[in-house]
1. Take peptides 249-262, 296-309 and line them up by average Cβ neighbours within 10 Å, highest first, as a rough protection proxy.
2. Taking every Cα atom in region 205-260, find the radius of gyration and the maximum pairwise distance Dmax, and write them in Å.
3. Apply the Karplus curve 6.51 cos²θ - 1.76 cosθ + 1.60, θ = phi - 60°, to the phi angles in region 116-130 and return the couplings in whole Hz, x for Gly and Pro.
4. Please work out how much length the chain gains when fully extended from Val101 to Thr130, using 0.36 nm per residue of separation minus the C-alpha to C-alpha distance, in nm with one decimal.
5. How far apart, in nanometres, would the label points at Glu245 and Glu42 be if each is projected 7 angstrom from Cα along the Cα-to-Cβ direction?
6. Relative to a virtual label point 7 Å from the Cα of Glu74 in the Cα→beta-carbon direction, which members of region 139-174 show backbone nitrogen distances below 19 Å?
7. Quick check: net charge around Ser144, other residues with Cβ under 11 Å of its Cβ, Lys/Arg +1 and Asp/Glu -1?
8. Report the net charge of residues surrounding Tyr235, where surrounding means a beta-carbon distance below 13 angstrom and charges are Lys +1, Arg +1, Asp -1, Glu -1.
Amino acid sequence: MKNRAEEKLFLFALIGALIFLMACNGVSQEQNTENKWNIDLEGQWKVTDYLAGHNLKVSYDFYEHFLGRSVIIEPNRIIKSFGYWWNELDDVTAQYRNVEVEIMDGEAYGKGLGEEWHQKYDGQDIAVVTFDMPESSNGFSKSSFVVTRKGEVLCWYLGNIYYMERYKEAVTDLKEEYIYGQWQVKRLISYQDGWKGRNGLIDGKIYEKDEGGDFYPESYLGDMVNISKKSMEIYEDSRLLESIEINGYDSGTVDKYDYQNEKKIHDELGIINDVIQIFKGNVSKSESSILDGEIVVINESEVIIKIYQGWYLLEK
């Protein structure tokens, strides 16, 4: 009898050990699956490009409103440099409690989005990272981001999805010779404080000039900028849009936050450094000029300049 009881105890112990190992293996596999994606969204992000939007029947597409915006993800909160055009033009902060990661099929997730999405992500797995914000005051209880297999990060705004990239680290000792030459306007970095929208696109509404009424943020993308010791010029194709005379440049470093406040750069420059390098042209120009002759340095092949009411990334 004793041997039989011992055999039963051994058998129960063996079964229990097997169940425990299976459970541990399942948890380990789940953790490994998530770890393979290397998802860590905490940090400072800049919205770079529009990808696609839902096929909604609306009179106006708000996609341009979120270009160049900053998204800062910290432990327990998300800060966006733009809320919603009808009531929140300034920074919006939302507390989050939980973060959920779900692996989904790209085609299924992008149902209703445009061809731009499906051409890139059909047949691919994507990770959907959802921040639960039950106490949010803006009416949205969740904020979702998408991470692709290539490590691309995307965010949502009013039915449209955009690419983001992390803030850049900038050099502060660039030699003057590197700012000269031909540059292409790559993308919008920030709006000027007070921008509300273009004229006529929302029920025919007309905005004041300082509210951005005649500023179309995408109108300068792809334009060429020539920088020399004596001038700064911007061309649309072969047509000269603006030229300002410059009598050399003064170079120096400044506090980034002071500069952003002074210049009314609403969405930040997308630079990590607290100190940045500026080339300031000695300019004789009228107040109506769309160029101001100042150059914010990132590196040898990337700089930022102001064009009309926005700040743009230029690439060589």
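1. On the way: 249-262: 14.3, 296-309: 19.9.
Peptide ranking by packing, descending: 296-309, 249-262.
2. So, for region 205-260, Rg and Dmax equal 15.4, 43 Å respectively.
3. Values per residue, Gly and Pro as x: 4, 5, 5, 5, 8, 10, 4, x, 10, 7, 10, 9, 9, 9, 10 Hz.
4. Full-extension gain reported as 9.8 nm.
5. Distance between the two pseudo-spin positions: 5.5 nm.
6. Under 19 Å, as judged by backbone N against the label point of Glu74, lie 143, 166-168 of region 139-174.
7. Numbers: positive: Lys142; negative: Glu100, Glu102, Asp132.
Residues close to Ser144 contribute a combined charge of -2.
8. -4
The values are calculated or read from the model by the stated rules, or taken from the named source; none is laboratory data. Only a predicted model underlies this, so the values are computations on that prediction, with no experimental measurement involved. Every residue, glycine among them, receives a Cβ derived from its backbone with ideal geometry; neighbour counts consider all protein chains shown. These area figures cover heavy atoms from the full protein model, side chains too; ligands, DNA and RNA do not enter into them. Shrake-Rupley method; radii C 1.70, N 1.55, O 1.52, S 1.80 Å.
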